[in-house]
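Reviewing the structure listed below.
The values are calculated or read from the model by the stated rules, or taken from the named source; none is laboratory data. Source: prediction; values computed, not measured. Neighbour counts are summed over all protein chains in view; Cβ atoms, including those assigned to glycine, are modelled from backbone coordinates with ideal geometry.
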Ligand code: XMP
């Protein structure tokens with residue numbers, strides 16, 4: 001049985017994920033489904049209320065996305081946001097037209113009725129608008145409950161049929177008390193008890209996994225990152241030693257990474273762990289290869305090959321644990337609105353299809369920050385919980401050109417210094433990524449009385465919210481200076497350090 005909550009039908013707004021997050025922040029479960037989800041699918045999620053998201057379409061266009069009309073017959077409270085409000089207006093016979101003036105940005109909302117949606121909200125608040133259409137006439141049975149200067153029907157309701165609509169976006173932070181408005185809908189109107197916490201998510205998930213797996217066996221590919229680590233610990237809580245984790249040491253890891261995985265999983269959590277030392281195989285396969293995409297392919301394929309070999313040695317495995325997150329799941333169902341995102345990188349591409357195993361994806365309902373909370377709750381160390389993303393091909397795509405053991409050693413040391421100093425400066429968690437890159441050129445320097453001719457390290461540090469776009473981080477000069485000094489003094493083979501000031505686009509975060 002799923003936790004009671006709110007189902008959000010996605011009409012393609014760039015803010016749809018935010019609606020789910022805001023509601024979850026109030027300890028109320030919520031899920032996003034495609035706008036045309038069947039009634040059966042919707043009811044499978046045990047909703048006590050439904051939200052229609054915004055979207056880029058106009059309701060008067062012939063191919064405008066519409067929900068299954070039966071959602072209006074379910075007797076569940078409905079809240080339409082922006083396009084959602086216009087859909088409701090249109091469906092019940094009101095009139096929506098193109099606005100003479102686009103209303104975009106901040107607007108002052110005057111609340112006319114404080115009974116339900118706006119309970120305990122002040123009379124006047126700032127809200128965030130973003131729309132090109134407006135409601136001209138309300139359908140029968142509806143009344144305005146708030147207005148702005150440009151929009152007399154900025155919020156409406158039909159109390160008898162339990163339908164509400166708002167023209168503004170309560171989910172964005174620019175709307176004052178927007179989270180409270182969503183909470184009012186969920187608690188006052190839908191009657192949900194706000195008891196969805198990480199503790200009880202863990203409890204429910206464990207029961208669900210036990211039911212799904214029973215006494216059968218599962219494997220998990222650990223990468224050392226937060227997603228696969230949290231997934232593994234959670235599944236281990238459910239099925240105990242019927243879970244085996246496999247960690248492939250490809251020789252392309254950061255300093256101390258393998259040791260930390262061994263310590264955490266084997267020593268602290270007592271999870272059966274197989275560590276495969278495959279350094280030589282990877283380095284051999286990468287010999288002479290300089291093309292970045294070729295490197296990726298070789299590493300990805302070899303990983304799958306090794307993982308399969310190990311899995312075959314274990315008898316009767318039927319399940320594969322993966323740390324898939326919610327954004328990966330909804331990207332694939334979201335309508336092709338402005339929110340459609342193109343994903344190019346996948347951590348463990350191709351594993352499930354090839355291996356014919358059933359999937360366990362215990363994190364597929366969670367956002368990254370929720371996974372971190374869960375990791376903390378499960379007792380994982382901060383070093384894993386707050387780890388910055390690290391690419392599957394590892395240091396191989398941070399050594400420009402051919403990869404060899406000696407350069408890996410140089411990069412590993414330099415990278416460890418960057419990470420250590422960034423952490424000491426208290427910036428590690430604010431940065432999306434911060435790392436070192438080894439360049440395939442030598443430059444002249446002078447150390448003591450000697451001329452040197454050695455390699456160059458580039459420092460890369462970026463701020464980003466999802467890795468799709470990024471800005472270079474304005475690291476303090478003192479920090480850069482400290483990193484430079486330490487790298488040149490402590491890492492043999494490097495005599496110059498440079499700082500990358502390219503944003504994405506036009507650059508990518510990784511250099512290859
Ligand atoms: P780029 O370099 O494309 O990177 O700006 C965006 C994000 O993806 C990570 N990345 C990868 N992750 N396999 C991965 O699992 C890869 O081949 C790969 N390439 C880049 C990168 O670290 C950044 O977070």
- Residues that are over 30 Å from residue 28 (Cβ atoms): which helices (runs of 4 or more DSSP H) entirely in segment 353-457 hold 1 or more of them? 382-385, 405-424
- Message: Just checking, does segment 88-109 include any residue being within 23 Å of the chain's Cα centre (by Cα) and on the phi > 0 side of the Ramachandran plot?
- Response: no
- Query: Considering only segment 30-44, how many residues are closer than 13 Å to residue 69 by Cβ, under 24 Å from the mean Cα position of the chain (by Cα) and assigned to a helix (DSSP H, G or I)?
  - Reply: 1
- Note on the structure: How many residues of segment 484-512 are more than 16 Å from the ligand (Cβ to nearest atom), crowded, with 18+ Cβ neighbours inside 10 Å and within 24 Å of residue 393 (Cβ to Cβ)? The answer is 4
- Message: Which of the numbered conditions does residue 179 fail, given that it passes all the others? Conditions: (1) surrounded by fewer than 22 Cβ atoms within 10 Å (Cβ to Cβ); (2) part of a loop (DSSP other than H, G, I, E, B).
- Response: (2)
- Message: Can you say whether residue 248 is assigned to a helix (DSSP H, G or I) and crowded, with 18+ Cβ neighbours inside 10 Å, as far as the supplied structure shows?
- Response: no
- Item | Residue selected from segment 154-172 under the condition part of a loop (DSSP other than H, G, I, E, B) and under 35 Å from the mean Cα position of the chain (by Cα), by the criterion modelled with the lowest pLDDT | 172
- Failed condition for residue 481, given (1) within 21 Å of residue 399 (Cβ to Cβ); (2) more than 16 Å from the ligand (Cβ to nearest atom): (1)
- Task: Give the number of residues within segment 462-495 that are touching a helix residue (DSSP H, G or I) at 6+ places or on another chain (Cβ under 8 Å) and in a strand (DSSP E or B).
- Result: 2
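Are any of the residues in segment 79-96 in a strand (DSSP E or B), at pLDDT below 95 and more than 30 Å from residue 44 (Cα to Cα)?
no
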- For segment 291-303, state whether one or more residues are more than 16 Å from the ligand (Cβ to nearest atom), under 28 Å from residue 253 (Cα atoms) and modelled with pLDDT of 75 or more. no
- Message: For segment 402-411, which positions are surrounded by fewer than 20 Cβ atoms within 10 Å (Cβ to Cβ) and closer than 24 Å to residue 467 by Cβ?
- Response: none
